[in-house]
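As structure tokens, the structure follows; a few thoughts come after it.
Nothing in this text is a laboratory measurement; each read-out follows from the coordinates by a stated rule. Predicted model only: the values in this text are computed from it and were never measured. Note: ideal-geometry Cβ built from the backbone for every residue, glycine included; neighbour counts use all protein chains shown.
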Amino acid sequence: MKIEIEKTIRDIPHYPRAMKYGGDNGLIRLASNENPFPPSTNILNAILDTIYSITRYPGSEIELKELIAEKYRLTYEQVVLGNGSDEIIEMVLKAARLKGKDRVIITEPAFAYYSIAAQVYGYDMVKVPLKDMMTDLARIKEAIDERTRIIFLNNPLNPTGTIFKERDFKVFLDGIPPDVIVAVDEAYAEFAEDKDFPYSMRFIDEYPVLVLRTLSKAYALAGLRIGYCLGEASLISFLERTRQPFSINSIAIAAAKAALNDRDFLWFVLENNRKGKEFYYRALEDLSLDYVPTEANFILVKIGKDAELITRRLFEEGILVRWMGAYNLPDYIRVTIGRMDENKSFIETLTKIIKA
Ligand SMILES: Cc1ncc(COP(=O)(O)O)c(C=O)c1O
């Protein structure tokens, strides 16, 4: 049987899922920028308390929205939740549809799902190369034309870990046409240490800015799929209307509330990241390997022409990192900052492979 599928859909690449290697199978997983720690007792208790209600549809999301709103001194109407920020990326694309305005601008390279989702919803892509491994805001602004509808920015940027600063973001936003939505994906914001990292929520009333956040990274809930988006209330209400009725399950709602209230766990995660980053920097310098200083929970490391081969060798030794061929950076790997024992295993194994 041959079913006809439109070319725009046939052309969509598969998202690089590491499914085969999912679960707790003894691998050291440093390929997907996940949190390396088990959930805290507070989160586990919240999940257990919710188990009996799984026979019902998920209840109200208002309490969780209020908790998020309070964190940023906003109102719950300025918050929409999503099944991971992946769903929010889709909601933006769905809600923003407008005749004649079908163009999305992203950086090159960028997180893979922007272009996959944009293709699904029939948008054209404009890709603006990085400048010195950083988002080139000036060139992105120049790339705006009458068809441009959405700009996906990512700060800190996956896969480089670099950021743009608040003053540069403000300069960028000044003069952006009001019908161009700037969706800034801050999946890794909690890890950023630079004091000039933008407080993007500041801009949501003055500019068409949407701020995307996730609980998959610093809050360790990747498997439960929950993220949120902040923006001006009427824009948020349009995003909300494009959502599936119950896209966030009851366990995710309960766990998210517990995670956002668990400041000790977050502090512990961020402290681990700071120490892991310092450890990687020193170890990579000892190996004379170049890396991009990071504001996230991963590091882009220049390995050279054998990067793919070394990624494979690491895998044979039980260590999963991401070769950056698909991001057009074939000489690089991206390694997540894990627990210190995992970081040490990675460096020891990498040293052994390189020196063999
Ligand atoms: C930049 C960026 N945005 C979004 C996501 C997806 O996050 P979520 O798990 O909330 O869908 C990722 C995941 O790796 C990411 O790197």
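Post the alpha-carbon centroid distance, segment 176-193 to segment 89-160, in whole angstrom.
11
Could you give the C-alpha radius of gyration of the chain expressed as a fraction of 2.2 N^0.38 Å, taking N as the number of residues it contains?
In units of the globular-protein estimate, the chain measures up at 0.99.
Just need log10 I(q)/I(0) for segment 154-236 at q = 0.12, 0.16, 0.26 Å⁻¹, Debye formula, equal scatterers on the alpha-carbon atoms, no solvent, rounded to two decimals.
With no solvent term, the Cα-only Debye profile gives -0.36, -0.63, -1.34.
What is the magnitude of the charge dipole of the chain about its Cα centre, with +1 placed on the Cβ of each Lys and Arg, -1 on the Cβ of each Asp and Glu, and no other charges, expressed in debye to the nearest 20?
660
I need the helices of the chain that pass two filters: whole DSSP H segments spanning 15 Å or more by Cα along the axis, and mean Kyte-Doolittle score no lower than -0.5.
TM-like helix candidates: 84-95, 250-261, 340-355.
Starting from the coordinates of the alpha-carbon atoms of segment 181-317, obtain the Kirkwood hydrodynamic radius over all distinct pairs and give the value in Å to one decimal.
After inverting the pairwise mean of 1/r, the radius is 17.8 Å.
Over 18 Å between C-alpha atoms is what I'm after, so list which of LYS277/LYS305; LYS275/LYS344; LYS217/LYS277 land there.
LYS277/LYS305
Provide, for segment 38-173, the number of lysine pairs with alpha carbons under 22 Å apart, each pair being eight or more places apart or on different chains.
Summing the qualifying lysine pairs gives 15.
Ranked by Cβ crowding within 10 angstrom, fewest neighbours first, how are LYS355, LYS94 ordered?
Fewest-to-most Cβ neighbours within 10 Å comes out as LYS355, LYS94.
Neighbour counts of other C-beta atoms within 10 Å: give me TYR199, TYR76, TYR123 arranged from fewest to most.
TYR199, TYR76, TYR123
With point charges of +1 on the Cβ of Lys and Arg and -1 on the Cβ of Asp and Glu, referenced to the Cα centre of segment 43-145, which listed residue (ILE62, ILE43, ALA143) lies farthest in the positive direction of the dipole?
So the residue furthest toward the plus end is ALA143.
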